[in-house]
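A short write-up of the structure that comes next.
The values are calculated or read from the model by the stated rules, or taken from the named source; none is laboratory data. The model shown is predicted, which means the values in this text are computed figures rather than measured ones. Glycine gets a Cβ as well: all are built from the backbone with ideal geometry, and neighbour counts include every protein chain shown. With ligands, DNA and RNA removed, areas are computed over all heavy atoms of the protein, side chains included. Shrake-Rupley method; radii C 1.70, N 1.55, O 1.52, S 1.80 Å.
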Amino acid sequence: MHGQTVVSVSGRTSYPTTGHLEMTTVGVTDNLKAINALSAWLDPNEELVPRAAIYPPGKSDRQVEQENTAQFNDSETNAEVAALSYLKEPVKVVVGPLSVNAPAAGVLKEGDQLLSVKGQPVTSPGQVSQILTSTRPGDQVPLSYQRGDGPAVLGTVTVGARPDGPQGFLGITPEAGRPTRTRS
């Protein structure tokens with residue numbers, strides 16, 4: 001990259017940087033011949049591991065590649081969310097997996113963006129539980145959400161009972177979603 005802009009920031013004060021952004025590339029060579037395996041074993045810059053450590057038995061190379069890509073994307077999202085949280089910027093919150101018989105199942109779907117719960121804007125996954133602390137099973141909880149690129153939708157969920165406390169329960173796992181941003 002040598003002097004090329006990798007990350008640009010708009011709408012905030014930015015400062016000149018010094019230092020280096022170091023990256024590591026990992027390569028995998030499969031089906032080695034004995035002489036190549038011996039060479040890798042003797043080379044201090046190489047590591048020889050059983051194939052099953054990289055490609056678990058029962059999974060195709062494509063499945064492993066898809067899982068690795070998903071983990072990389074999750075890691076990237078987690079880094080972005082950490083930066084936004086540090087800057088005290090709002091985070092996009094999406095509906096993750098719904099529990100079995102989730103009270104919100106008739107209203108919310110996995111992937112919906114939560115905009116507000118009980119009239120309060122949702123700016124972090126943990127905030128959803130905080131907002132629900134004053135609710136009790138059977139309460140009607142208004143919420144606003146967005147499905148895909150569609151408009152904001154208003155809905156109401158009758159919250160259920162939590163097994164671990166008195167507050168109401170939507171039956172969703174709120175997750176940090178990929179922030180909306182532009183890249184250079």
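Results, tabulated for the structure shown:
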{"item": "Ranked packing of 52-61, 22-31, most packed first, by mean Cβ within 10 Å", "result": "52-61, 22-31"}
{"item": "Chain lengthening between SER129 and GLU110 when straightened (0.36 nm per residue, less Cα-Cα)", "result": "5.1 nm"}
{"item": "Where the Cα pairs of segment 55-125 fall when distances are cut into 5 Å bins, in %", "result": "3, 13, 15, 18, 15, 15, 12, 6, 2, 1"}
{"item": "Principal axis dimensions, largest first and in whole angstrom, of segment 78-184 by Cα", "result": "48, 28, 25"}
{"item": "Gaussian network model of the chain, springs between alpha carbon atoms under 10 Å - residue of SER129, SER144, SER14 with greatest fluctuation", "result": "SER14"}
{"item": "For the chain, fraction of C-alpha pairs farther apart than 21 Å, in %", "result": "65 percent"}
{"item": "Accessible-area composition of segment 19-100, carbon plus sulfur, in percent [1.4 Å probe]", "result": "55 percent"}
{"item": "Chain lengthening between THR69 and SER8 when straightened (0.36 nm per residue, less Cα-Cα)", "result": "19.6 nm"}
{"item": "Pairwise FRET efficiency - SER99 versus TRP41, Cβ, R0 = 35 Å, nearest 0.05", "result": "0.10"}
{"item": "Partner lysines for LYS88 [C-alpha distance under 23 Å; skip if fewer than 8 residues away on the same chain]", "result": "LYS118"}
{"item": "Solvent-free Debye scattering, log10 I(q)/I(0), computed from the Cα coordinates of segment 12-108 at q = 0.21 Å⁻¹", "result": "-1.20"}
